[in-house]
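The values are calculated or read from the model by the stated rules, or taken from the named source; none is laboratory data. Bear in mind the structure is a predicted one, so any value in this text is a computation, not a measurement. Note: ideal-geometry Cβ built from the backbone for every residue, glycine included; neighbour counts use all protein chains shown.
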């Protein structure tokens, strides 16, 4: 029976390489953006200022923005065109035997990002400043990031008078990288990408096994995770430590379905939470997967005693792991300091932050605005948690876990483009419908566009603009990216 979808929209094994090369070109263009629009050390010590001064001037910055936007779109097109058909019958014999080499393509697309400064963020300098404080025997939870160091002047101005917000394992890794690079003003921040690369490697390595464990399609899951342009640009390019957290979360979810999975999965969740706090929510998913499996039919009796017992045990193991890595240097819970940074007070992708900035512009006191913003955000998040728990906790643990992480990332007082990646990659293991995958593609496109343009315009402008472009793709993008292709 002939497929109802146009054959031209389905990539063939023999045809994958043009799209792989197009994606590589896109990655090169995005990586080049770091040298014009980015957080680089200015002044006479900068190599670019001495040899290519135009890159740091108005013309160079405009070229960099255009390069970043063009590259992001090329990556998106290549990603979408390379997605595998859902049905085995729609694959060529060659595809059925060996398929498109998704891992090798992912490796190719990461190469341009490896040695450039962090993209679209100054967080790598904050990481380096915190690692340098530990290097000097100082407590990053007591001493601010603007404390004199080789990196202090490159830390985003809002965060210079604040202390670290990251848990102890992240600080220890940052310290290790600062030592490894000799506290070099360029290579230490670039070296922070090692954490992101480790997380990305874990994600790629565990994706097929996790897909098998929950009955998802391995190839579709690997495509969704390994080649996702938002993940590549924000996690690998941006050098965010969130990547390591997500990689460890995915590893813990896979371990949950193995022998001794409650113990090993909970230990890994403890490590993930010691990198970044949102991983805590995935700990519940690990226990649910361990006890109930991926898909429990409604009406099937719930082993409540076993479930509650393992929730307590898993929580205790995860907490003990977190405390164990917090003990060195007596760092413990210093990230709860009153002097830690509050991302909610910086304009970002959250409409709540737009209202906050408007209130501050009208001279509303911070002491009032910040608590109100936090209360509204917390109420929305709790409401979402209740809905997600009621709908999926006892029947679809992967959807439950993805839902918690997405709700926490998207309903917080601050939203950055990479926050959606806390739970976004888990959608690949939730048996998503074609419509859900298309929606994920539209959100990815929105955040790719807004992530680049927010270097030039306010998020309150670029997010709606990105939404218009994503909507146009949703409705009319078939001719360019093969939207008619079934996924």
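For the stretch 367-388, residues that are within 23 Å of the chain's Cα centre (by Cα) and surrounded by fewer than 16 Cβ atoms within 10 Å (Cβ to Cβ) total 3. Counting only residues that are out of contact with any helix residue (DSSP H, G or I) (no Cβ under 8 Å at 6 or more places or on another chain) and either at negative phi or at pLDDT 80 or above (or both), the stretch 358-377 holds 10 of them.
Across the stretch 176-193, the number of residues qualifying as farther than 23 Å from residue 269 by Cβ and part of a helix (DSSP H, G or I) comes to 10.
Looking across the stretch 132-160, the residues that are within 20 Å of residue 331 (Cα to Cα), assigned to a helix (DSSP H, G or I) and free of Cβ contacts under 8 Å to residues at least 60 places away in the same chain come down to 132, 133, 135. Among the criteria (1) under 18 Å from residue 256 (Cβ atoms); (2) at pLDDT 95 or above, the one residue 323 does not fulfil is (1).
Being in contact (Cβ under 8 Å) with a residue 12 or more places away in the chain, closer than 29 Å to residue 280 by Cβ and surrounded by fewer than 18 Cβ atoms within 10 Å (Cβ to Cβ) is a description that does not apply to residue 125. Within this structure, residue 210 fails the test of being over 30 Å from residue 428 (Cβ atoms), touching a helix residue (DSSP H, G or I) at 6+ places or on another chain (Cβ under 6 Å) and in contact (Cβ under 8 Å) with a residue 24 or more places away in the chain.
Within the stretch 454-469, the set of residues being in contact with a helix residue (DSSP H, G or I) (Cβ under 8 Å, 6 or more places away or on another chain) and more than 20 Å from residue 358 (Cβ to Cβ) comprises 455, 456, 466, 469.
Given 196, 205, 201, 170, which one is under 20 Å from residue 248 (Cβ atoms) and out of contact with any helix residue (DSSP H, G or I) (no Cβ under 8 Å at 6 or more places or on another chain)? Give the derivation first.
Numbers: 196 fails: out of contact with any helix residue (DSSP H, G or I) (no Cβ under 8 Å at 6 or more places or on another chain); 201 fails: out of contact with any helix residue (DSSP H, G or I) (no Cβ under 8 Å at 6 or more places or on another chain); 170 fails: out of contact with any helix residue (DSSP H, G or I) (no Cβ under 8 Å at 6 or more places or on another chain).
On inspection, the qualifying residue turns out to be 205.
For a quick check of your reading of the model, give me the residue pairs whose first member lies in the stretch 89-108 and is under 21 Å from residue 204 (Cβ atoms), whose second is modelled with pLDDT of 95 or more and outside any helix (DSSP H, G or I), with beta-carbon atoms closer than 6 Å and at least 6 apart or on different chains. So the pair list comes out as 106/227. Test residue 205 against the criterion of being assigned to a helix (DSSP H, G or I) and closer than 30 Å to residue 222 by Cβ, and give yes or no. Yes: the conditions hold for residue 205. Of all residues in the stretch 135-153, those that are more than 26 Å from the chain's Cα centre (by Cα) and closer than 15 Å to residue 167 by Cβ total 1.
Regarding residue 337, is this residue out of contact with any helix residue (DSSP H, G or I) (no Cβ under 8 Å at 6 or more places or on another chain) and surrounded by 15 or more Cβ atoms within 10 Å (Cβ to Cβ)? Please lay out each step first, then the result.
On the way: out of contact with any helix residue (DSSP H, G or I) (no Cβ under 8 Å at 6 or more places or on another chain): yes; surrounded by 15 or more Cβ atoms within 10 Å (Cβ to Cβ): yes.
So residue 337 passes the test.
Out of the residues in the stretch 412-469 meeting the condition of being under 14 Å from the mean Cα position of the chain (by Cα) and part of a loop (DSSP other than H, G, I, E, B), tell me which one is modelled with the lowest pLDDT. The selected residue is 415.
Where helices (runs of 4 or more DSSP H) sit wholly within the stretch 11-89, those with at least 2 residues that are at pLDDT 90 or above and exposed (fewer than 15 other Cβ atoms within 10 Å of the Cβ) occupy 16-32.
Restricting to the stretch 141-162, and then to whatever is surrounded by fewer than 16 Cβ atoms within 10 Å (Cβ to Cβ) and at pLDDT 90 or above, can you tell me which residue is farthest from residue 455 (Cα to Cα)? This residue is 142.
Among the residues of the stretch 214-231, those identified as over 15 Å from residue 110 (Cβ atoms), touching a helix residue (DSSP H, G or I) at 6+ places or on another chain (Cβ under 8 Å) and touching a residue at least 12 places away in the same chain (Cβ under 8 Å) are 214, 216, 217, 219, 220, 221, 223, 224.
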